[in-house]
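Derivation of every value follows stated rules applied to the coordinates shown; laboratory data play no part. All of these numbers come straight from a predicted model, not from anything done at the bench. A quick note on method: Cβ atoms are made from the backbone with ideal geometry, for glycine too, and the neighbour counts reach across all protein chains shown.
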Amino acid sequence: MDFETYLTEVYISKRTKMHLKKISAKQYNNRLKNMKKKGIYNKEKVISEDIKNSISLHYANRKNEYVDTLKYYIEYMEYLETLAQK
């Protein structure tokens, strides 16, 4: 299962109590790819202040969408680990 599928089929938003729409999942995935490409994020399991500062330098993170992307991705990695243990 890839990250976009996780967001549209498994993850449930705490705000809306629904899965994300495909277009939103695609946007989150694109943000993640770009942060990896720029070396901001390298599969860390915790979002450090250094990561947050790098995000602030590269992006206008007004709605916290880049930090949220990383939170969702970390949850996704934990979900995959849980599946692997079963």
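For LYS52, give me every one of the aspartates and glutamates with a C-alpha distance below 17 angstrom, ignoring sequence neighbours fewer than eight places off in its own chain.
GLU44, GLU65, ASP68
Using only Cα atoms, tell me the angle between helix 49-58 and the longest principal axis of the chain; keep it within 0 to 90° and round to the nearest 10.
Rounded to the nearest ten degrees, it is 70.
What distance in nm separates the two pseudo spin-label positions at LYS33 and GLN85, each 7 Å out from Cα along the beta-carbon direction?
About 3.1 nm separates the two model spin labels.
Could you give the length gained by full extension between HIS58 and LYS45, i.e. 0.36 nm per residue of separation minus their alpha carbon distance, to one decimal place?
That pair, HIS58 and LYS45, stretches by 2.6 nm at full extension.
Can you give the angle from 0 to 90° between the axis of helix 22-37 and the longest principal axis of the chain, with both taken from C-alpha atoms, to the nearest 10?
Orientation of helix 22-37: about 50 degrees from the principal axis.
Roughly how big is the chain's charge dipole about its Cα centre, with Cβ charges of +1 (Lys, Arg) and -1 (Asp, Glu), in debye to the nearest 20? Could the numbers behind the result be given before it?
Working: 18 positive and 11 negative charges, 75 e Å.
For this selection, approximately 360 debye.
Calculate how steeply helix 65-85 sits against the longest principal axis of the alpha-carbon atoms of the chain, using the helix alpha-carbon long axis, and give the answer as 0 to 90 degrees to the nearest 10.
Around 40 degrees separate the two axes.
At 7 Å along the Cα-to-beta-carbon direction for both LYS71 and GLU9, put a label point, then send me their distance in nm to one decimal.
My value for the distance between the label points is 2.5 nm.
What aspartates and glutamates sit close enough to LYS86 to cross-link, taking a C-alpha to C-alpha distance under 15 Å and skipping anything fewer than 8 places away on the same chain?
GLU78
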